[in-house]
Amino acid sequence: MWAGIQELVFGRLTPADFVHDPIMAGAGIGMVGALVLAMIALTYFKKWKWLWKTWITSLDPKKIGVMYLIVSVIMLLRGLADALLLRTQQAAGGSVEVLNADHFQQIFSAHGTIMIFFVAMGIIFGIFNLIIPQQIGARDVAFPFLNSVSFWLFAAGMILINAPLVVGEFSAAGWLAYPPLSGLQYSPGVGVDYWIWSLQIAGIGSLLSGINFFVTIIKMRAPGMTLMKMPIFIWSALGSTSLIMFAFPILTATLGMLALDRLMGMHFFTSDMGGSPMLYINLIWAWGHPEVYILVLPAFGIFSEVVATFSGKKLFGYKSMVIALAAITFLSFTVWLHHFFTMGAGADVNTLFGIMTMVIAIPTGVKVFNWIFTMYRGRVRFTTPMLWFMGFIVTFTLGGLAGVAMSVPAADFQFHNSLFLVAHFHTMIVGGVLFGAFAGFTYWFPKFTGFYLNEKLGKIAFWLWIVGFLLAFVPLYILGFMGATRRLDHYDPSLGWQGLFIVAGVGVMIIAAGVGFQLLQIVVSIIQRKKNRAGEDPWGGRTLEWSTATPPAEYVYAVIPTVTERDDFWESKKKKHHKVAPVYEDIWLPKNSGAGAIIGLLAMIFGAATIWHMVPLAIISFVGIIITLIIRLTTDDTEVKISAAEVAKHELKRSAV
Amino acid sequence: MSDVTLKEEVREKEAREKKTLGFWIYLMTDLVLFASLFATFAVLRTATAGGPSGAELFDLPFVLLETMILLTSSFTVGLAILGAARGYKKQTIFWLLATFALGVAFLAMELTEFSHLAAEGFSWERSAFLSAFFTLVGTHGLHIAVGLLWLGVMIVRLVRFKFKQTDLNRLALFGLFWHFLDVVWIFIFSIVYLIGSMA
């Protein structure tokens, strides 16, 4: 009787699940401790109300964007710590056991999953939130409440993926959890379930965001901003969100089927009863390959803005850039099989996908030339964003060439699952997405805060990053050629790999130092903010977001601008036009709503309850989500008016400054 | 018409257009989800692991009746929307209730089919084919259930409150959703049941 009730309430959770080895326990205690400290601080300074009113319930994309970035930075530190542990183990070469095999597997699974879903995706959505509305001359996104739901689902997934540090274990099946290893038979524990539900919840949030920003771009552009007058970053976001709309439902379906295999004894991906593990691998990459472009397209967009601004020239080949972006968007759905040439689909299928992979390199190459020609004869200013851009050109071309090398199926049989591959995709994602994010962060930071980031510390961070990055990954290309496969927790010393692994480990440490300098840069810049004041147009910008107040008002635009040409703000600065007294109108903005955060919290509880098989709790939280949604959707009064007089008062203050 | 109400109307129209486009796109993403499940079903159709195939399991006349019920419900929701556009509140509620009843009947028939199969020992655990069958058809059924919930909330609102523009908009979106589920069902009927019975 008692055992029955215990099982009903707690599922398969037992006190033993809280016991961890020292490293994980340390990380878990650290995380929980930091959380408790933050809560004590909030209570001590009586800031709970402030947190609830200005952040948690906010539907303002500028606030939501900042929250995305904060989560991403914390997760970047977690992922980096994972990387340090992995490389330490490998540098030791198995002679000293830093991590046991199981823990090592959990860490590389967590590292990959966190870096893609909770760092890269978080950064992309953070930047979308901050930049897209401003750059198209809009005050808000199309669906502000949905935006808040997306963020809180993302946050719920983030908490679930970190929960194994405290209770239970994480998946040891790699970042994409291939079956049959991830099936019930070989992974009976909660690890893979943590992986599934964390990604499922965050993934649905991403899908909703994708729809939201797509509609925002299609419907909310300022009058006159035709498609071909949009900033390139908006084009890249349009491509990225289109990919989200097509790719993320596949992820939802695939994760759903894997969950059904594990929860209900189905046989989609099992190796018996007719199941097909290879089907999973096809499906997950039909999402996974577009995902790569979902991440990197916005980075291309950021670099296009940065290089044009800091070269003082308009972007070279705008039209070809748009065509290249569109081509990549389309082609990214035609190459997924190159992730498993070794599956044995046959020479003809492999050849087709090999050729498509080479084809997709062409539009990417076009972009590289466009960026270089933008700098040509420009008045290039070597600011930190520009350094990240130039670092990107070097690393991205290097990684891209490695990618083309791997697109040859015959050669791929050698590279497959080797460290050469690991080096390739790190070059693309770190050198592409992350460098893009850093460039964008430095570039747009003054717009939202009113002060610059410290250039000197930023440059030191950049050089540490690029040197550390090359030291960390060039040895992996070589090790890959030597036959080292990915995910090795030990290897025979006679292979002679240890030296290169040590170099790679040192590289990661230098990267970590770079991250340290970035954090220092933020702190120092905040302290010196009085000295580093930035105006409304600190870099000599070209696009609309630089025409707003710094930091932007809640309503961003007092009067919605009318666009007449590409780089409209740049052109309008050149013209000597008379300032016409603006006519202000009432502005409607969404009211705050706690429903998004409540849905996120309930989704997290639902995920945890499903992972631990707590049936009643899962049902209660699911019903709770539905009730919250019904209440919210039947609420009519969701907007608040800022009257024209208030806007005029606010704008008067702005012009006085 | 005063300037203020004109602006209100523009705002209202813009909001409606955004929601309609957003909802269309949501439907398209849902279609991709169904496409993934259809592809999975196509791959696993013959993976019966020694168990029964579709030809041995499906009761076509039963499924045809299910199909007819669902198609009729699409017709009744259309009548409800026509009624709402003319402001006939009673007519709207009547046809929505009819849609609700038909939806419940459809769902009940589907669950009957499922429980029969399970009772005969042919549940989703029997083979990959049956896993794919239950998941594809069940996902559609889940959508129908969500639709019924939505419909229920709308009916309650219509009965209790005055007709408003937002109700009309939501009804139009619901119509899209319900027709969409019809289209998906036509594919399920053709690919899963008809082709499955032939093999």
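The values are calculated or read from the model by the stated rules, or taken from the named source; none is laboratory data. Keep in mind it's a predicted model, so treat the numbers as computed, not measured. Here the Cβ positions follow ideal geometry from the backbone for every residue, glycine too, while neighbour counts run over all protein chains shown. Heavy atoms of the whole protein, side chains included, go into the accessibility calculation; ligands, DNA and RNA do not. Shrake-Rupley method; radii C 1.70, N 1.55, O 1.52, S 1.80 Å.
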message = Going Cα to Cα from B:LYS7, which lysines come in below 16 Å? Please leave out same-chain ones fewer than 8 positions away.
response = A:LYS641
request  = Using only the Cα atoms, work out Rg/Rh for region B:1-66, with Rh taken as the Kirkwood radius, to two decimals.
outcome  = 1.41
task = Can you find, among B:THR67, B:GLY141, B:VAL159, the residue farthest towards the positive end of the dipole of region B:64-164? Put +1 on the C-beta of Lys and Arg, -1 on that of Asp and Glu.
result = B:VAL159
query = Taking Cα atoms of region A:47-182, Rg/Rh with Kirkwood Rh, to two decimals?
reply = 1.09
remark   = Each residue of B:33-45 has, on average, a number of other protein chain C-beta atoms within 10 Å of its C-beta equal to 5
key: the protein assembly as shown: proportion of alpha-carbon pairs further apart than 34 angstrom, %   = 55
message = With angles folded into 0 to 90 degrees, how steeply does helix B:165-187 sit against the dominant principal axis of chain B? Use alpha carbons for both and round to 10.
response = 20
request  = Would you kindly work out the equivalent ellipsoid of region A:579-657 from its C-alpha gyration tensor and give its semi-axes, the square roots of five times the eigenvalues, largest first in whole Å?
outcome  = 45, 14, 7
remark   = The ratio Rg/Rh over the Cα atoms of region B:1-111, Rh being the Kirkwood inverse mean 1/r radius, stands at 1.17
request  = Just add up the charged neighbours of A:LEU476: K/R +1, D/E -1, any other residue whose Cβ is under 14 Å from the Cβ of A:LEU476.
outcome  = +3
note = Cα-based Rg/(2.2 N^0.38 Å) for region A:229-279, rounded to two decimals, is 1.76
key: Dipole magnitude of the protein assembly as shown about its Cα centre (Cβ charges: Lys, Arg +1; Asp, Glu -1), debye to nearest 20   = 3880
Electrostatic dipole magnitude of region A:248-325 [Cβ: Lys, Arg +1; Asp, Glu -1; Cα centre; debye, to 20] = 460
message = With a 1.4 Å probe and all protein chains kept in place, how much accessible area does A:MET264 have, in Å² rounded to the nearest 10?
response = 70
task = List the lysines whose Cα lies under 17 Å from the Cα of A:LYS575, skipping any in the same chain that are fewer than 8 positions away.
result = A:LYS313, A:LYS314
note = Here, chymotrypsin sites (Phe, Trp or Tyr not before Pro) of region A:555-657 satisfying both criteria (DSSP loop; at most 14 other Cβ within 10 Å) are none
ask   = What ranking of A:PHE517, A:PHE341 comes out by heavy-atom accessible area, probe 1.4 Å, highest first?
value = A:PHE517, A:PHE341
ask   = Roughly what % of Cα-Cα distances in region A:169-317 sit above 25 Å, to the whole percent?
value = 43
key: trypsin sites (Lys or Arg not before Pro) within region A:313-419: DSSP coil, no more than 15 neighbouring Cβ in 10 Å   = A:LYS314, A:ARG377, A:ARG379, A:ARG381
query = With a sphere of radius 13 Å drawn around the Cβ of A:ALA648, what net charge do the other residues whose Cβ falls strictly inside it have (Lys, Arg +1; Asp, Glu -1)?
reply = -1
remark   = By accessible area (1.4 Å), largest first, A:MET386, A:MET482, A:MET343, A:MET158 order as A:MET482, A:MET343, A:MET158, A:MET386
task = Arrange the residues A:GLU571, A:GLU639, B:GLU14 by how much accessible surface each exposes, largest first, with a 1.4 angstrom probe.
result = B:GLU14, A:GLU639, A:GLU571
remark   = For region A:570-657, dividing by residue count, accessible area per residue (probe 1.4 Å) in Å² works out to 63
task = Determine how large the accessible area of B:THR139 is when every protein chain is in place; take a 1.4 Å probe and give Å² rounded to the nearest 10.
result = 30
